[in-house]
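Colleague: Dropping the structure in here first, questions after.
The values are calculated or read from the model by the stated rules, or taken from the named source; none is laboratory data. If you're wondering where the values come from, they're calculated on a predicted model, not measured in any experiment. All Cβ positions, glycine included, derive from the backbone under ideal geometry; neighbour counts span all protein chains shown.
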Amino acid sequence: MGGIKLRRSLSIIIVGILVLSGLGAVALNSDAKQSNSNNLGDKMFTHAVFAEFGSTSSCPHCPYAHIALKNIYYGGWYPFLYTSLALNHNTHANARWNEYNGYGVPDTFFDGGYKVDYGAYDNVQQMMSWYNTTINQCGNRVVPDIETTLNVNWLGSATMDIQVSVENKDTTQYNGRIRVYVTEIESTMGWKDAQNHPYTFAFLDYAFNEVISIDGSDTWTDSITWDGHNYNDGYGHTFGNIQYGNIMVIAAVFNSQGHSAYSDPPDNQHPFTAYYVDDAAGFWVGENTPPNTPSNPNPANGATGVDLNKDLSWTGGDPDPTHDTVTYDVYFGTSSPPPLVSPGHSTTTYDPGTMSAGTTYYWQIIAKDNHGASTTGPIWHFTTAGGNQAPSAPTITGPAKGKPGIKYDYTLNAVDPEGDNVYYFVDWGDTTNSGWIGPYASGVNVIVNHTWSAKGSYTIQAKAKDTHGAEGPWGSLQISMPRLSVFTNTLFMKFLERFPHAFPLLRQILGL
């Protein structure tokens, strides 16, 4: 676990920056617009936990802590708020860090120093696990019964009307300090960590920083018109360019009772007096826009011959990319509408696993942002490659004319596209059939025979099915019985019957 020690003055920073491989940028999003952040997250805490994250742009370990905080916040699991103290960019952030007697970075002060997590693992998941444990410990702490409420109206041109109140629900007096931090959800000041990620919820300056005393069952209130043109980072850069939709105002109420703490708790070094946070609230200054309609499906809608191991992908996103987290509910299956298979999917790709050959699949994406707005995409479909195909219609060859009572041979031949063995079913057209016979090799001549008992015209029909049960279309052949009947019951036929050996050539022609 790494950390970089700093002098109290940031004018000298211990050099030794490691060359690190960059992490992919994390989508930056805002918490829902609320007057009281105690409503955030699903976890039941006694209060909203507040963290102050100290970092410098030269600290190689800080980005892992930074991304972990972002992931936890945007995950929405807890009533949790944080601000980034960009120590080498902002004198106000540096002054706040000095109040904690900060000496090394990264150093994260939870609830005013109730817990201090100094240093960082160079692994985001490890950092998230560490921070999650700390947040749960803070959130279950017994605190006075106070409630903080924020309301912010954007007046234009980097100016806001900020109203804050703290209600004391206890019967005894509450004494403490309120700090109201004006932060940029994503820094536009060029304040970035060592991996070039803009700081999130970057502390600009206070709207309020004052002692408060509230009688039992009473409420403290105040308001201010905060104009970014009148505030600066201490290096000559004002905040006159901040934008509507990229501002989070955070109010934190610190108890007046002091506690001994250390900014380097593993070594019990660098002591300071901690004043614990009893409540916090956040207000996002902006309006939410629903996510973009999912589009550009891959495979394309109606595609055929799709690979059985193809991943699904689409275009998503949100019109508010700097402060909205978008997740996707993925619906996928062989029926329409398809069933839900992956709720809250975090990326715009989905692996359905190995699909069945020759099968039509349907899928749909519903995009949701972290404010509860959603956009439903259309139902798409595609068909996978391969699959079992039925045999062809059999060819039927043999005599087209004949005589009742005589057995005739017919040859059947059907071809299966996959070369599977085939069965044949023959309907002789006289209310009799062969039933399924076989199996026989694909494309091989098969001889069958039949005897018709009465004269007339008949249609022989035959079809084939493969060993997987796929039946092909019918083939047919028209025949007639008997072949000639013009002489039947004539005097000449009676003559031939009386003299059976007369006229052998004629008898052959007539089939007698």
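Colleague: Output yes when any residue across the range 134-148 is in contact with a Lys or Arg (Cβ under 9 Å, 6 or more places away or on another chain), without any contact (Cβ under 8 Å) to a residue 60 or more places away in the chain, surrounded by fewer than 16 Cβ atoms within 10 Å (Cβ to Cβ) and among the polar types (S, T, N, Q), and no when none is.
Modeller: yes
Colleague: Select from the range 337-362 the residues that are assigned to a strand (DSSP E or B) and within 13 Å of the chain's Cα centre (by Cα) and write down the one among them that is surrounded by the most Cβ atoms within 10 Å (Cβ to Cβ).
Modeller: Among residues in the range 337-362 that are assigned to a strand (DSSP E or B) and within 13 Å of the chain's Cα centre (by Cα), the one surrounded by the most Cβ atoms within 10 Å (Cβ to Cβ) is His345.
Colleague: Specify the residue that is nearest to Ser356 (Cα to Cα); the eligible residues are those in the range 389-410 that are among the hydrophobic types (A, V, I, L, M, F, W, C) and surrounded by fewer than 17 Cβ atoms within 10 Å (Cβ to Cβ). Explain how you work it out, then say what you get.
Modeller: The first filter runs over the range 389-410 and keeps only residues among the hydrophobic types (A, V, I, L, M, F, W, C), leaving 390, 393, 396, 400, 406.
Of the ones still in play, those that are also surrounded by fewer than 17 Cβ atoms within 10 Å (Cβ to Cβ) are 400, 406.
Numbers: Ala400: 44, Ile406: 50 Å.
Here the answer is Ala400.
Colleague: Have a look at Thr172, Thr225 and point out the one that is over 15 Å from Ser84 (Cα atoms), outside any strand (DSSP E or B) and at pLDDT 95 or above. So that I can check it myself, show each step before the final result.
Modeller: Values: Thr225 fails: outside any strand (DSSP E or B).
The conditions single out Thr172.
Colleague: Quick check on Tyr328: is it surrounded by 21 or more Cβ atoms within 10 Å (Cβ to Cβ), closer than 30 Å to Gln243 by Cβ, among the hydroxyl-bearing types (Ser, Thr, Tyr) and out of contact with any helix residue (DSSP H, G or I) (no Cβ under 9 Å at 6 or more places or on another chain)?
Modeller: Yes, satisfied.
Colleague: What number of residues within the range 322-336 satisfy the criterion of being among the hydroxyl-bearing types (Ser, Thr, Tyr), touching a residue at least 40 places away in the same chain (Cβ under 8 Å) and not in a strand (DSSP E or B)?
Modeller: Of the residues in the range 322-336, 3 are among the hydroxyl-bearing types (Ser, Thr, Tyr), touching a residue at least 40 places away in the same chain (Cβ under 8 Å) and not in a strand (DSSP E or B).
Colleague: Scan the range 376-404 for residues that are of a type in the set (Ser, Thr, Tyr) and either touching a helix residue (DSSP H, G or I) at 6+ places or on another chain (Cβ under 8 Å) or assigned to a loop (DSSP other than H, G, I, E, B) (or both) and jot them down. Lay out the reasoning, then the answer.
Modeller: So the first thing to find is which residues in the range 376-404 are of a type in the set (Ser, Thr, Tyr), and the list is 376, 383-384, 392, 395, 397.
Result: Ser392, single match.
Colleague: Please indicate, with yes or no, whether at least one residue in the range 197-206 is within 23 Å of Tyr231 (Cβ to Cβ), surrounded by fewer than 18 Cβ atoms within 10 Å (Cβ to Cβ), acidic (Asp, Glu) and modelled with pLDDT of 95 or more.
Modeller: No: zero hits.
Colleague: Strands (runs of 3 or more DSSP E) wholly in the range 73-157 with at least 3 residues that are more than 22 Å from Cys59 (Cα to Cα) and assigned by TED's automatic domain parsing to the domain that holds Ile250 - which ones?
Modeller: Per the criteria, 146-156.
Conditions tested, residue by residue: (1) among the hydroxyl-bearing types (Ser, Thr, Tyr); (2) modelled with pLDDT under 65.
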{"residue": "Gly435", "(1), (2)": "no, no"}
{"residue": "Trp452", "(1), (2)": "no, no"}
{"residue": "Ala464", "(1), (2)": "no, no"}
{"residue": "Met481", "(1), (2)": "no, no"}
{"residue": "Ser485", "(1), (2)": "yes, yes"}
{"residue": "Leu505", "(1), (2)": "no, yes"}
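Colleague: A further question on this structure: Working only within the range 422-448, note down all residues that are touching a Ser or Thr at 6+ places or on another chain (Cβ under 6 Å) and on the phi > 0 side of the Ramachandran plot.
Modeller: Listed by number, the list holds a single entry, Gly429.
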